[in-house]
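Okay, structure first, notes after.
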Amino acid sequence: MGKIESCCIIDDDPIFIYGTKRIMKEIEFCENIIVFNNGQEALDGIMEISQSAMKIPQVIFLDLNMPIMNGWEFLDEFIKIPNSNLEKTIVYIISSSVDPRDLEKVKDYKQRVNNYILKPITPNDLESVLGALAL
């Protein structure tokens with residue numbers, strides 16, 4: 001299974017980010033890992049990337065509960081960005097929430113959100129993402 005070129009982690013938890021990056025490196029998940037600590041920072045960064053020659057992340061791992069701009073607010077703005085290449089970006093919600101309302105709300109974004117992964121992320125979760133991208 002080949003690794004992807006670029007992925008993005010949007011999360012405010014430094015321990016989760018550290019652990020996820022470590023697992024990604026161990027299984028050779030992707031070449032370039034971009035990290036943002038909240039939705040607003042991510043939105044600004046992704047808009048900048050989309051207007052430059054940089055590679056747009058193929059996968060975004062998005063936390064729901066963050067300060068400044070949460071995951072849902074990010075998604076609402078992300079889908080408005082006018083760049084056809086962003087439509088190829090697959091979003092995975094990563095959360096420790098087992099709230100049925102969150103699981104239900106994911107369905108509202110089914111065009112852009114591929115799955116809901118419960119924290120902590122595991123090597124098997126990442127292998128599944130790679131497998132889904134290979135289809």
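Before moving on, here are some points about what is shown:
- Subset of region 41-53 [more than 12 Å from the chain's Cα centre (by Cα), surrounded by 13 or more Cβ atoms within 10 Å (Cβ to Cβ) and either assigned to a loop (DSSP other than H, G, I, E, B) or small (Gly, Ala, Ser) (or both)]: Gly45, Ser50
- Screening Phe29 with (1) in contact with a Leu (Cβ under 9 Å, 6 or more places away or on another chain); (2) under 23 Å from Ile68 (Cβ atoms); (3) among the aromatic types (Phe, Trp, Tyr) gives one miss only, at (2).
- Residue in region 4-40 that is nearest to the chain's Cα centre (by Cα), counting only those that are in a loop (DSSP other than H, G, I, E, B) and either modelled with pLDDT under 95 or not polar (S, T, N, Q) (or both): Asp11
- Scanning region 111-135 for residues that are basic (Lys, Arg) and at pLDDT below 85 returns a single hit, Arg112.
- Each residue in region 51-62 was checked for being hydroxyl-bearing (Ser, Thr, Tyr) and within 26 Å of Ile117 (Cα to Cα), and 0 of them qualify.
- Residues that are touching a Ser or Thr at 6+ places or on another chain (Cβ under 7 Å) and either assigned to a strand (DSSP E or B) or buried (at least 21 other Cβ atoms within 10 Å of the Cβ) (or both) were ranked within region 62-110; the one that is modelled with the lowest pLDDT is Leu64.
- Subset of region 1-22 that is among the hydrophobic types (A, V, I, L, M, F, W, C) and buried (at least 17 other Cβ atoms within 10 Å of the Cβ) - its residue that is nearest to Leu133 (Cα to Cα): Ile4
The values are calculated or read from the model by the stated rules, or taken from the named source; none is laboratory data. The shown structure was predicted, so the numbers you read here are calculated from the model rather than taken from an experiment. Please note: Cβ atoms are built from the backbone with ideal geometry, for glycine as well, and neighbour counts cover all protein chains shown.
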